[in-house]
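Please read the structure below before turning to the comments.
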Amino acid sequence: MYFENEVIKDLLRLYRRVWALSHAMSVMGWDLETYMPAEGVEERSVAHAELSLMAQELLLRREFLEVLEKASKQESLNDYEEGVVRVLEREVRIAKALPPRLVEELARVTQEGRVAWKVAREKNDLEVFRPYLEKIVNLTREKANYLGFKEHPYDALLDLYEEGMTTRDVDTMFTYLEPRLRKVLDKVLSEGRYSADHPLEKEKYLREEAEKLNLAILEAFGFPLGKRARLDVSAHPFTINMGVRDVRITTRYEGYDFKRTLFSVIHEFGHALYELQIDEELRYTPVGSGVSLGIHESQSRFWENVIGRSRAFVNAFIDLIRLVSPARNRDPEDIYVYFNTVKPSLIRVDADEVTYNLHIILRFKLEKLMITGEVKVNELPELWNNEMENLLGVRPKNYSEGLLQDIHWSMGSIGYFPTYTLGTLLSSQIAHHMDRDLKGLYTHVINKDFQVIKDYLREKIHRWGSVYPPKKLLLKSFSETYNPEYFVRYLEEKFLS
Ligand code: MG
């Protein structure tokens, strides 16, 4: 038994109701993105807002706060119990810090802002979205002030997505990365092997064939389809967990360039596996799901890039890959190059392993300036375009392929982008440690022996849920925190040797 302390047990009993609400909201969220009829959106979002309020009220109820305070004063709690107290204190601190007026205003402005952003992007008309973005930035600056920070207002926002991460940490990592990524990119472009257009990128595929491939890969990975997991279709691929025994992923079939659906499935599998391998003793508790966005993304990127885009993977599954007609007569090396094309592009979500993080560096730079107020919203397009040209050598011709491309700002998710890069960095860091500890990571991939890889991830990351904050978990499992050197080495070995 992990939870033996009587006060902690009381706390967890009270927490169960909050858990149940979040379980219900996850089901509703999944349904919204998959099967709900289009016009149900309005009622669903009202229901969702009410349930969020209920969860908030439960957390801030006097009885709950009293037990939480008592719990925090208990001596000799074990790690699991301490984790519960840490996570709940953090949630309560955040909930208490923000005045209801601000929470309501942000909810309203982002709801309207999301609609405006969609229209603005479709029409390529920044003016439709600009007033909302201005409000969102101002409210977010207020939010940062209420949350509090030591050095930089952006710290307060980063911490919401990646507990304990600071602007200074990210600055250091990104300053290290930027010139090195540019150097790899320049070399890849001058050599041409990975940067040439690949014919399969334009070729159409049959949905049934791609579906077959996706399912076969999931089966090889040991994804418990039908038992504890589902794969469905949605406009944007995502993973959602109702609990440790019900985790669902989605993909989409665009009808051309079949690697897009394949890698979205492998990516989401990585997210799902994290949730599926959390220790069942942690169910119904506040530590029973993934600890941060960065750690979560490290799991998806590990499977997508380190495993899925490797030669070992292509060789192991070439027969399955050839089930998709466009790949039928292609040899493994050709498929490997197709899986790994590198091209400076304008759109983040289409970016490859080399250029992706440059898109994130751009957003991080702009977000910091927005939050300190050094840059006004109407100055953003010019800055965006200049920085894009500077980092990637390409310049957007319109807003839709420039600063209107991402949904994040319209939702008020400022401080979120860096976690994508943190995850990528960590994925190759984990690969390095795994390769050493398991005496050859890719030998297991070639043998399709994924159990040993899954067990390693379970032991080092998954089973702990949110028991430890991110940096502590990394220190405990790998004796170091986020370190960008592994990723640079990974890229150099992959693309330059
Ligand atoms: Mg992801």
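Which pairs, out of LYS96/LYS150; LYS118/LYS397; LYS118/LYS143, put more than 20 Å between their alpha-carbon atoms? Flagged as over cut-off: LYS118/LYS143.
If I model region 361-483 as equal point scatterers sitting on the Cα atoms and use the Debye formula, what is log10 I(q)/I(0) at q = 0.10 Å⁻¹? Those come out to -0.51, one per q. For region 370-497, the residue among VAL488, LEU383, ILE461 whose Cα projects farthest onto the positive side of the dipole built from Cβ charges is ILE461. DSSP assigns beta bridges within the chain; of those with both partners inside it, close to 45 percent run antiparallel.
Database remark: amide H of THR250 closer than 5 angstrom to the amide H of ASP232, PHE238 (H placed geometrically; neighbours at sequence offset of 5 or more, or on other chains; Pro and chain starts carry no H). Could you work out how far apart the two model spin labels at LEU323 and LYS448 are, taking each label as a point 7 Å from the Cα in the direction of the beta carbon, and quote it in nm? It is 1.0 nm.
Residue separation of MET1 and ARG489 scaled by 0.36 nm, minus their Cα-Cα distance, works out to 171.5 nm of gained length.
The helix-based estimate of mean residue ellipticity at 222 nm for the chain, built from -39,500 (n - 2.57) per DSSP H run of four or more residues and divided by its residue count, is -20500 deg cm²/dmol to the nearest 500. From the largest down, the chain spans 66, 54, 46 angstrom on the principal axes of its Cα atoms.
Once you sort the root eigenvalues of the Cα gyration tensor of region 281-407 as a ≥ b ≥ c, which label holds: rounded (a/c under 1.5), prolate (a/b larger than b/c) or oblate (the other case)? Judged from the Cα gyration tensor, region 281-407 comes out oblate (a/c at least 1.5, b/c at or above a/b). When each of the peptides 419-428, 166-175, 375-384 is scored by how many other beta carbons lie within 10 Å of its residues on average, the order from highest to lowest is 419-428, 166-175, 375-384. A straight Cα-to-Cα reach below 26 Å connects LYS494 with the lysines LYS183, LYS187, LYS202, LYS259, LYS343, LYS439, LYS448, LYS454, LYS460, residues fewer than 8 places away in its own chain not being considered.
Applying both filters, DSSP loop and at most 15 other Cβ atoms within 10 Å, to the GluC sites (Glu not before Pro) of region 40-105 gives GLU75. Each residue in ASP319, ASP350 was given a count of other beta-carbon atoms within 10 angstrom of its own, and listing them fewest first yields ASP319, ASP350. Annotation for ALA49 and ALA20: the two label points, set 7 Å from Cα along the Cα-Cβ direction, are 2.5 nm apart. Within the chain, the selection of entire DSSP H helices by a Cα span of 20 Å or greater along the long axis and an average Kyte-Doolittle value of at least 0.5 returns 356-372.
Only the coordinates and a few stated rules stand behind these numbers; no lab work does. Just so we're clear, the structure is a prediction, and the values are computed from it rather than from any experiment. A quick note on method: Cβ atoms are made from the backbone with ideal geometry, for glycine too, and the neighbour counts reach across all protein chains shown.
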